[in-house]
Amino acid sequence: MNKLKMKNLNFPMLGKKTNNNRLVYLDNASTTFKHAYVIEAERKYETEYSANIHRGIYFISEKATREYEEVRSKVKHFINAKKETEIIFTSGSTGSLNLIAYSYGRTFLKKNDEIWISSLEHHSNIIPWQIICSEIGCKLRIIPINKDHTVKKIPFGKQAKLLAITCISNAIGVANPIRNWIKQAKERNIKVVLDAAQAVPHFKMDVQELDCDFLVFSGHKIYGPTGVGILYGKEKLLETMVPYQTGGDMVKEVTFQKTIYADLPAKFEAGTPNISGVIGFGAAIDFVNKIKFQPIAQNTIFQKAKEKLIQIGAKIVGEEFGKIQVPILSFTLQNIHPHDIATILDQKGIAVRAGHLCAQPLLNLLNVPALTRVSLGEYNTDNDIDSLIDGIKFVKKVLKC
Amino acid sequence: MLSEIYGDLILDHCRNPRNYGDIHNATHRICGHNPLCGDKIELTFIVKDNHIENIKFKGKGCAISQASASIMTNELLGKTTEEAILLFNVFHEMLTREDFSEKNIFVDSFFKKAGVFLNIKNFPTRVKCATLAWHSFNLALKENKPQQNDNIN
Ligand SMILES: Cc1ncc(COP(=O)(O)O)c(C=O)c1O
């Protein structure tokens, strides 16, 4: 890690104690620590110009509006969207996916239309589609997965309308072949939704180059606040879609008989949004823009973690589906249940994830009821990996195996 | 603290679960599931003449959920349904009430075994693991009442 980056690693949560031990936080795929700069941006809003946006005819409201809209512009550059109006602030990836399912679904989908998802999806890219399917009568189809993850051709039916896929699995860190799949979808005029929640923290995403129709991600997985996320959508689509939630701020004119909706992006941002969250999110993007993304093979801390875990008897899960692309390591350890591992590691100050990782269908495919997951952030060190390995030795000792 | 919950008794019951299996002619059958962590327990038992004549479980899950199920089946075998409900209540209170204290001699002997779970209170995210089998039992007993009568008649 170079000097400049070290200087920027200012996270107030680092160095905290838990259970009388140094906190070793290894659950970054779930959520990341907030950068000091993010917290400061939020604090500034709350203490210096706390006001609603798009409404007040006074200085602090205008300032809040300016700061809020500036983040939209940052996000536009961050993912290379064509226009600011294609960027909608939501409550997170989940909020964005629900918005697409509800709004795109109600506008465009008909009975027997096919919605395709992959086997690697997070629950939040499964359940909204199940609901749309049961309401409208669409069919949810799953891209079959082979052991070596070579799906050459997606067996799209005549009525295939939508491909909604995650870029990277939150459970096993493996990528879907999104470029290949997008190409297949585009040949048949199928619209594409990309869940980039796990990709954005580690890869530059360019929506024009990818040619996806929608892309979603969350602020709290890139060192920003919880409760803020992004929905990118191509302008033409967003313009024709019905609003998701309705109320204040998303209208041009309201009479008791009818309403003329506001233009994009306000049409999809009903009510007072998470203003401080959005402003903090902008600061998080500034930080992520400074990270030099490195290929996983060059991530020495990840490689060390993987090697040491294998040495100590852990079986890394998921590699039969492809190469791990982000610093996520899910494993099983002998017959020890992940919850017992997590509870005992916690006593040593080590935070890992254990359970079904919000990806039950994938775990069923893998034929494991639960996994232990270690996921790294920018601030994790060699030291953290040493603590983890010592922790796992301790787990074995406590459980006498 | 840790060694108290992952003590010898729990590790033993987890590795060598007692009363493991399925009773095909059970009067009561229930699948308990903790969606948060995926622990699963399938509990079958026979109530005859108001006594728990046989009880078995099958399951997948963490050491605590499996050991708790194993110890529970041991404790409930041969008890009357009233005694079983009393033990359920004691176990439940033990894990959820701060001011809990052992009440009588009948319960006291129960404590020699089930008391190992007292310390789970210090691990709030794991209380549900310890109570899964007990809640399943209680639910099955309540829900299956009419069917139980049918079988007896
Ligand atoms: C791949 C993926 N999609 C969606 C989500 C949901 O994100 P959020 O909880 O921020 O809405 C997550 C978060 O765990 C994720 O990993």
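Using a 10 angstrom cutoff on alpha carbons, build the Gaussian network for chain B and name the most mobile of B:Glu143, B:Glu83, B:Glu98.
Evaluated over chain B, the most mobile residue of the options is B:Glu98.
Between B:Gly7, B:Gly38, B:Thr81, whose Cα lies farthest towards the positive end of the dipole of segment B:2-149 when Lys and Arg beta carbons carry +1 and Asp and Glu beta carbons carry -1, centred on the Cα centre?
B:Gly38
Are there any chymotrypsin sites (Phe, Trp or Tyr not before Pro) in segment A:39-136 that are in a DSSP loop and have at most 10 other Cβ atoms within 10 Å? List them by number.
Qualifying residues, ordered by number: A:Tyr58.
Describe numerically, in nm with one decimal, the distance between label points set 7 Å from Cα along Cα→Cβ at B:Cys31 and at A:Asp263.
Going by the 7 Å Cα→Cβ label model, 5.5 nm.
Zone of B:Phe111 (label point 7 Å along Cα→Cβ, backbone N under 19 Å): which residues in segment B:1-39?
It comes to B:4-5, B:9-10, nothing else.
How much length is gained on full extension from A:Ile127 to A:Thr18, taking 0.36 nm per residue of separation minus their Cα-Cα distance?
Full-extension gain reported as 35.7 nm.
Just to check I understand the Karplus step: with θ = phi - 60° and J = 6.51 cos²θ - 1.76 cosθ + 1.60, what whole-Hz values come out for segment A:109-117, glycine and proline as x?
8, 10, 3, 6, 5, 9, 10, 9, 10
Normalized C-alpha radius of gyration of chain A, against 2.2 N^0.38 Å?
Against the empirical 2.2 N^0.38 Å value, I get 1.02 for chain A.
Please list 3J(HN,Hα) in residue order for segment A:257-271, calculated via the Karplus relation 6.51 cos²θ - 1.76 cosθ + 1.60 where θ = phi - 60°; whole Hz, with x for glycine and proline.
8, 7, 9, 9, 6, 6, 6, 5, x, 4, 3, 9, 10, 5, x
With a 10 Å cut-off between alpha carbons and a GNM built on chain B, which of B:Asn19, B:Asn122, B:Asn74 moves the most?
Among B:Asn19, B:Asn122, B:Asn74, the largest mean-square fluctuation in the Gaussian network model of chain B belongs to B:Asn122.
Which order results if B:His24, A:His54, A:His77 are arranged by neighbouring Cβ count within 10 Å, fewest first? Mind dumping the intermediate values first?
Values: B:His24 7, A:His54 17, A:His77 11.
Result, fewest neighbours first: B:His24, A:His77, A:His54.
Through the Karplus equation 6.51 cos²θ - 1.76 cosθ + 1.60, θ set to phi - 60°, convert the phi angles of segment A:386-396 into ³J(HN,Hα) values in whole Hz; use x for Gly and Pro.
4, 4, 4, 5, 4, x, 5, 4, 5, 4, 5
Fewest to most neighbouring Cβ within 10 Å: what's the order for B:Thr44, A:Thr255? Please list the in-between numbers first.
Numbers: B:Thr44 21, A:Thr255 7.
Going from sparsest to densest Cβ surroundings: A:Thr255, B:Thr44.
How far apart, in nm, are two points set 7 Å out from the Cα along the Cα-to-Cβ line at B:Glu98 and at A:Asp206?
5.9 nm
Straight-line reach only, C-alpha to C-alpha below 15 angstrom: list the aspartates and glutamates that A:Lys153 could link to, leaving out same-chain residues fewer than 8 apart.
Output for A:Lys153: A:Glu187.
Evaluated at 4 °C with a viscosity of 1.567 mPa s, what Stokes-Einstein diffusion coefficient in µm²/s does chain B have when Rh comes from the Kirkwood expression over alpha-carbon pairs? Write down the numbers at each step before the final one.
Numbers: Rh = 15.5 Å.
Once the numbers are plugged in, D ends up at 83 µm²/s.
Extension gain A:Gln311-A:Glu84, at 0.36 nm per residue separation less the Cα-Cα distance, in nm?
76.8 nm
Counting only DSSP beta bridges with both residues in the protein assembly as shown, what percent are antiparallel, rounded to the nearest 5?
Values: 44 of 64 bridges.
In the protein assembly as shown, DSSP labels about 70 percent of beta bridges as antiparallel.
Report, ordered by chain and residue number, the aspartates and glutamates lying within cross-link reach of A:Lys252, taken as a straight Cα distance under 16 Å and ignoring same-chain residues fewer than 8 apart.
A:Glu239, A:Asp263, A:Glu269
Which value, in debye to the nearest 20, describes the size of the charge dipole of chain A about its Cα centre when Lys and Arg Cβ atoms bear +1, Asp and Glu Cβ atoms bear -1, and nothing else is charged?
Numbers: 53 positive and 39 negative charges, 178 e Å.
Taking the Cα centre of chain A as origin, the dipole is about 860 debye.
Of B:Cys62, B:Cys14, B:Cys37, which has the largest mean-square fluctuation in a 10 Å C-alpha GNM of chain B?
B:Cys37
No value in this document is a laboratory result; all are computed from the given coordinates. Keep in mind that what you see is a predicted model, and the values were worked out from it rather than measured. For neighbour counting, all protein chains shown are included, and Cβ atoms are generated from backbone atoms with ideal geometry for every residue, glycine included.
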